[in-house]
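Working notes for the structure below.
The values are calculated or read from the model by the stated rules, or taken from the named source; none is laboratory data. None of the values given here were measured: they were computed from a predicted structure. Note: ideal-geometry Cβ built from the backbone for every residue, glycine included; neighbour counts use all protein chains shown.
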Amino acid sequence: MKISDILTKGRVTVSCELFPPKTGAALARVEDVLRDTAALGPDFISVTYGAGGSTSKRTLELAARLQDAYHVPALAHLTCVSSTREEVTQQVARLRAAGIGSILALRGDIPQDTSFPTPEHFRYASELIAHIRGLEGGEELCIGAACYPEGHVECPHFSTDLDHLKQKVDAGADFLTTQMFFDNDVLYRFLFRALDRGITVPIVAGIMPVTNVQQIRRSCQLSGSVMPPRLQGIADRFGDDPAAMRQAGIAYATEQILDLIAHGVEHIHIYTMNKPDVAAKIMDNLSDILRPHG
């Protein structure tokens with residue numbers, strides 16, 4: 001089932017994300033992560049794509065295994081910044097051959113030691129989306145794209161960032177997934193402005209449970225996401241106690257999701273960081289809300 005079909009059923013959906021390991025030591029645990037994440041019963045699971053396509057083969061393998069062995073719809077990430085147009089075409093063909101019908105099309109972070117872009121590369125995600133849509137069978141694919149409630153870190157004006165987002169949708173994006181955010185009011189303002197700009201495709205809210213303070217602070221520096229004072233206070237108080245920070249981070253994410261659903265946000269994506277136990281606690285806290293009875 002394509003992700004766009006799942007997102008248009010008129011109900012709350014919850015999805016998770018996992019990333020392929022890069023090292024042999026981590027590979028030994030990957031099946032456990034797959035199994036435990038699938039056991040949560042998410043509506044779909046996204047599989048990330050390493051910098052420069054470094055895990056592209058494993059992205060395909062894990063996405064296919066999620067669907068074939070665990071019967072969970074998979075969303076395969078595809079970044080284009082270090083791939084030529086021909087390489088992207090070949091990767092899309094491999095995904096389709098493996099039965100993966102949903103792709104999250106991303107530009108990716110520009111490497112510091114390259115002459116990017118060349119005529120054979122894509123400058124923007126909107127170009128990647130248009131390319132995928134124009135391939136043979138591309139009209140049958142579900143294509144997602146990223147969006148940034150606080151604005152893209154490389155774009156100085158929020159209005160311009162919305163223009164770029166509209167270009168992604170016009171190029172053929174079926175849905176959008178947000179970068180992590182920690183203040184729901186930021187998302188609500190973004191949703192209003194996106195709708196005002198004519199962006200009407202489903203938007204999935206990306207939630208990052210804060211269980212490792214240093215890791216999140218580094219991510220915020222790279223992405224431009226802001227930790228609001230309430231979360232900053234929690235991090236300052238519990239950041240040196242891993243068990244307490246894990247519990248506090250799960251509680252904060254739970255409250256975030258509860259507030260989002262109460263305000264009509266139907267689609268939640270949990271950035272699990274390959275920690276299905278964290279996602280399990282959040283989903284258990286919200287079990288009757290995410291999966292209402294009757």
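Any residue that is at pLDDT 85 or above, surrounded by fewer than 17 Cβ atoms within 10 Å (Cβ to Cβ) and either part of a helix (DSSP H, G or I) or basic (Lys, Arg) (or both) - is there at least one of those in region 71-78? Scanning region 71-78, I find no residue that is at pLDDT 85 or above, surrounded by fewer than 17 Cβ atoms within 10 Å (Cβ to Cβ) and either part of a helix (DSSP H, G or I) or basic (Lys, Arg) (or both), so the answer is no.
Restricting region 79-105 to residues that are at pLDDT 95 or above and outside any helix (DSSP H, G or I), which is surrounded by the most Cβ atoms within 10 Å (Cβ to Cβ)? Among those that are at pLDDT 95 or above and outside any helix (DSSP H, G or I), it is 105.
Looking at region 264-275, can you tell me whether even one residue there is assigned to a helix (DSSP H, G or I) and surrounded by fewer than 20 Cβ atoms within 10 Å (Cβ to Cβ)?
Narrowing region 264-275 to residues assigned to a helix (DSSP H, G or I): none.
Taking every residue of region 264-275 in turn, none turns out to be assigned to a helix (DSSP H, G or I) and surrounded by fewer than 20 Cβ atoms within 10 Å (Cβ to Cβ).
Among (1) in contact with a Leu (Cβ under 9 Å, 6 or more places away or on another chain); (2) free of Cβ contacts under 8 Å to residues at least 24 places away in the same chain, where does residue 185 come up short? Looking at each condition in turn, residue 185 falls short on (1). With respect to residue 5, is the statement that it is at pLDDT 95 or above and farther than 17 Å from residue 270 by Cα true? Spelling it out, residue 5 is indeed at pLDDT 95 or above and farther than 17 Å from residue 270 by Cα.
When 217, 230 are screened for being surrounded by fewer than 18 Cβ atoms within 10 Å (Cβ to Cβ), in contact with a helix residue (DSSP H, G or I) (Cβ under 9 Å, 6 or more places away or on another chain), part of a helix (DSSP H, G or I) and at pLDDT below 90, only 217 passes. Does region 145-163 contain any residue that is over 19 Å from the mean Cα position of the chain (by Cα) and at pLDDT 95 or above? No, region 145-163 contains no residue that is over 19 Å from the mean Cα position of the chain (by Cα) and at pLDDT 95 or above. Summed over region 155-179, the residues that are in a loop (DSSP other than H, G, I, E, B) and charged (D, E, K, R) give a count of 1.
Beta carbons closer than 8 Å, at least 6 apart along the sequence or on distinct chains, pair a first residue in region 47-68 that is basic (Lys, Arg) with a second that is at pLDDT 85 or above for 58/20; 65/34.
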